[in-house]
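The values are calculated or read from the model by the stated rules, or taken from the named source; none is laboratory data. Quantities reported herein were computed from a predicted structural model and do not represent experimental measurements. Neighbour counts are summed over all protein chains in view; Cβ atoms, including those assigned to glycine, are modelled from backbone coordinates with ideal geometry. Surface areas here come from the heavy atoms of the whole protein model, side chains and all, with no ligands, DNA or RNA. Shrake-Rupley method; radii C 1.70, N 1.55, O 1.52, S 1.80 Å.
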Amino acid sequence: LPAVPVRRLAEETLVGYPSEGGEGTLHSVVSTMCRRAGFVPRFARVAATMHTALGLVRAGEGVAVVPNSTRVLSLIGMEYRPLTGTSARAILGIAVRKGEVSALVKGFSTIVMKSARGMREHLAAMP
């Protein structure tokens, strides 16, 4: 499917996400991306979860900007298109059971956190 330029979203009603959480939340990333493209996003609905956002899109309530990984949720009547004209990034986290004792899980979380720090430093150094 053809890519969609971010500026084209100015013509669309968007399904948004909660604004709580500040910088790095999907709401923040989408809002900043739109402002950088020269427009203020028009959010028709706010979805607390990605599944709710996709359901609202499927029901015709608007379009949603979603992480690329959402493509694995193949829903009938939905299509995913890449966005062009943006370098938007969202902050991700890792969920680990409180008091986790598994050396494998601890090692994995350490690797993920080190990789994330390295990626954040790399992105910050980019023009």
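Between R97 and T49, what FRET efficiency follows from the Cβ-Cβ distance if R0 is 25 Å, with the result rounded to 0.05?
0.75
To the nearest 10 degrees, how steeply does helix 103-125 sit against the main Cα axis of the chain, on a 0 to 90 scale?
That helix lies at roughly 50 degrees to the long axis.
For the range 5-75, with every protein chain kept in place, what is the accessible area per residue (1.4 Å probe, Å²)?
59 Å²
Of A95, S115, V30, which is farthest towards the positive pole of the chain's charge dipole, taken about the Cα centre with +1 and -1 on the beta-carbons of Lys, Arg and Asp, Glu respectively?
Positive-end residue among those listed: S115.
Determine the share of the range 21-81's accessible area contributed by carbon and sulfur atoms, expressed in whole percent, with a 1.4 angstrom probe.
Of all accessible area on the range 21-81, carbon and sulfur atoms account for 53 percent.
Might you report the magnitude of the Cβ-based charge dipole of the chain about its Cα centre, with Lys and Arg at +1 and Asp and Glu at -1, to the nearest 20 debye?
260 debye
Which option, (1) 10.6; (2) 7.7; (3) 9.7, is the value of mean projected area of the Cα convex hull in nm² that was calculated from these coordinates?
Derived directly from the coordinates: (3).
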